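Worksheet: one structure, shown below.
The values are calculated or read from the model by the stated rules, or taken from the named source; none is laboratory data. Note that this is a predicted model, so its numbers are computed, not measured. Note that each Cβ is placed from the backbone with ideal geometry, even for glycine, and that neighbours are counted across all protein chains shown.
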Amino acid sequence: MNVSLMNEKVTFQKNTVITDSIGNHKNGWEDFYTCHATIGGEGMASSKEKEEAGTIVEDVGMTVTIRYCQKASEISSTTHRVIFKDEIYDITNVDHMNFRKKCLKFSCRKVRR
């Protein structure tokens, strides 16, 4: 793992239940972990076109590689998402890189808004 390539800042957000001032419960996102990462395959290299609701849309994906730590090991694809350059990406896969506890690699898909 080349640490000098970890030159982009990413934020992982966790899906949590938020209670408002009158006691209503709703789902929301709160910042969970911020670190530097290596971004791979972002943009045209991994983008595909697909048809959704009768229109052709671009399906953009990327990989995010970060250094291993105890807090990062808690990130899962069902409860977390990635914020990179003010864009939201859903985590589709978490690769623990043979469980050597050196780095984690996340496969992500851009969220359409």
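Quick check on my filter: what residues within the stretch 3-35 are surrounded by fewer than 10 Cβ atoms within 10 Å (Cβ to Cβ) and free of Cβ contacts under 8 Å to residues at least 12 places away in the same chain? Matches in the stretch 3-35: S4, V17, D20, S21, I22, G23, N24, H25, K26.
If the condition is being among the aliphatic types (A, V, I, L, M) and either under 16 Å from T34 (Cα atoms) or crowded, with 16+ Cβ neighbours inside 10 Å (or both), then the stretch 95-113 contributes only L104. The residues listed here are I18, I22; of these, the one that is over 23 Å from K105 (Cα atoms) and either assigned to a strand (DSSP E or B) or in contact with a strand residue (DSSP E or B) (Cβ under 6 Å, 6 or more places away or on another chain) (or both) is I18. Restricting the stretch 47-78 to residues that are under 15 Å from V111 (Cβ atoms) and surrounded by 13 or more Cβ atoms within 10 Å (Cβ to Cβ), the residue that is modelled with the lowest pLDDT is S47.
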